1. Checking the condition among the hydroxyl-bearing types (Ser, Thr, Tyr), touching a residue at least 60 places away in the same chain (Cβ under 8 Å) and not assigned by TED's automatic domain parsing to the domain that holds residue 101, which residue from 260, 281 passes?
2. Would you check which residues across segment 327-358 are among the small types (Gly, Ala, Ser) and either touching a helix residue (DSSP H, G or I) at 6+ places or on another chain (Cβ under 8 Å) or at pLDDT 85 or above (or both) and list them?
3. Taking segment 44-89 as the search range and keeping residues that are part of a loop (DSSP other than H, G, I, E, B) and of a type in the set (A, V, I, L, M), which one is nearest to residue 328 (Cα to Cα)?
4. Could you say whether any residue in segment 193-210 is over 24 Å from residue 361 (Cβ atoms) and touching an Asp or Glu at 6+ places or on another chain (Cβ under 6 Å)?
5. Mind listing whichever residues of segment 220-249 are in contact with a Leu (Cβ under 7 Å, 6 or more places away or on another chain), aliphatic (A, V, I, L, M) and within 23 Å of residue 303 (Cβ to Cβ)?
6. Of the numbered conditions (1) surrounded by fewer than 19 Cβ atoms within 10 Å (Cβ to Cβ); (2) under 26 Å from residue 271 (Cα atoms); (3) not hydrophobic (A, V, I, L, M, F, W, C), residue 206 fails exactly one; give the number of that condition.
7. Among the candidates 85, 57, 40, which residue alone is of a type in the set (Gly, Ala, Ser), exposed (fewer than 11 other Cβ atoms within 10 Å of the Cβ) and modelled with pLDDT of 85 or more?
8. Identify the single condition in (1) in a helix (DSSP H, G or I); (2) touching a residue at least 12 places away in the same chain (Cβ under 8 Å); (3) not polar (S, T, N, Q) that residue 244 does not satisfy, given that it satisfies every other one.
Amino acid sequence: MTSSQTTAPPRTDESGAVPPAIRAAASWSWRMLLIGAFVAAVLWLLALLKTIVVPVAVALLLTIMLTPVRRVLHERLRVPRGLSAGLSLIGLIVVVAGLITLAGQSIANGFADLRTQAISGFNELWSQLSATFGLEKQLQSYSEDILNQLEAQQGAIVSGALGAAATAGSVLVGALIALFCTFFFLYDPRGIWSWIVGLLPRSARERVNQAGRRGAVTLAAYTRTQILVAAVDAVGIGIGAVFFVPSLALPIAILVFVGSFVPVVGAIVTGAIAVVVVLVSNGWVAALIMLGVVLLVQQIESHALQPFLMGQAVSLHPVAVILAVAAGSLAAGIVGALFAVPLAAVLNTVILYLNGHDKFPELGDEDALPIRWRAADAPPIPLRLRRSPGVLADTAVDDVSADAEPDAGADAPKGDPKR
């Protein structure tokens, strides 16, 4: 080695200067940041499109409930597919309208007595409190303050009324979207699902299809089980209400049935409303008895019906259910609390399947989904295919698949550049 030659400095391994734990933490950190950003973007998009997303989610639940009815009409009674879907949806509308009508009549008949009892009870309670604590002057002062605040906030009240009208319009639009989607989900669920799967890369279609099948089974099990549990709650609490407020027993039962679809929270709130109604109508003793009835029904539902009926179909720990309801209510209010648990159950099943754990191995993988772009019972599409040079034949294609890639130029004779 000559003096003109220089010795290169030794290379240092910079990765060795960083402890492995720090490198692992940094690797996990940027991945978690990306996942958090993706989840935040999805939630923001869902909130932006809530007028569409919520009706579609409601339509999915309604489709799960009405699918057995549509199958009986279509497969056993030989009713055409479209007509069976329409009859199923019309039957649901008739049942809901009938329940609302009965509940409205019961409320109208029982509200007068309940109002009289409530006013008399309130007057008696107020007279006792006024005689004891001298609240009449304070009440007069509070009423004057309330009137002054109402006069100062007239503009806000008017804007709030306009906002309520806009909300009612959004609810009406959402109901129409839900009914429209429910009909087509009942009419051609396989065609719609195959179209969605067909948008994915070819290598992912089959796994997504099988994961979606298992998610649909989970959603169906949850929905039907929740309907049965809600019916048991409504019947039990409604029977208890018959002995105290017979004229309001049916509205209370309907309210409990609807509220039971929100896990944990719905049953508590609706049960409390039933107890308060009995308290106003019949006093403390009847209210305590009604409270015992509500607690008994809810204990039977939570400790016997829920574990037995859900089984392995919706395997969510109670802690996961509570956290899902809390997160859903914080993110989207009542709507989030309603859809949090079924969404968590479906995601649990889908993610487990994609990671190699099949909760429903009996479904198998034989149901390969053809990627259809038309309805299952749509008429064939007439096409003119060339059998041989110079001869045209009319034929019909019954199923057009997105996976079928025609070979360009296969029918054109060689050497003919115009074809």
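The values are calculated or read from the model by the stated rules, or taken from the named source; none is laboratory data. Note that this is a predicted model, so its numbers are computed, not measured. Because the Cβ atoms are built from the backbone with ideal geometry, glycine has one as well, and the counts that use them run over all protein chains shown.
1. Numbers: 260 fails: touching a residue at least 60 places away in the same chain (Cβ under 8 Å).
Going through 260, 281 in turn, just one is among the hydroxyl-bearing types (Ser, Thr, Tyr), touching a residue at least 60 places away in the same chain (Cβ under 8 Å) and not assigned by TED's automatic domain parsing to the domain that holds residue 101: 281.
2. Looking only at segment 327-358, we keep the residues that are among the small types (Gly, Ala, Ser), and these are 327-329, 331-333, 336-337, 340, 344-345, 356.
Across segment 327-358, the qualifying residues are 327, 328, 329, 331, 332, 336, 337, 340, 344, 345, 356.
3. Let us first name the residues in segment 44-89 that are part of a loop (DSSP other than H, G, I, E, B), namely 49, 77-80.
Restricting the remaining residues to those that are of a type in the set (A, V, I, L, M) gives 49, 77, 79.
Details: 49: 16, 77: 41, 79: 40 Å.
Step by step, filter segment 44-89, then rank; the result is 49.
4. Scanning segment 193-210 turns up no residue that is over 24 Å from residue 361 (Cβ atoms) and touching an Asp or Glu at 6+ places or on another chain (Cβ under 6 Å).
5. Result: 228, 229, 232, 241.
6. Every condition holds for residue 206 apart from (2).
7. Values: 85 fails: exposed (fewer than 11 other Cβ atoms within 10 Å of the Cβ); 57 fails: exposed (fewer than 11 other Cβ atoms within 10 Å of the Cβ).
That would be 40, the only listed residue that is of a type in the set (Gly, Ala, Ser), exposed (fewer than 11 other Cβ atoms within 10 Å of the Cβ) and modelled with pLDDT of 85 or more.
8. That leaves (1) as the condition not met.
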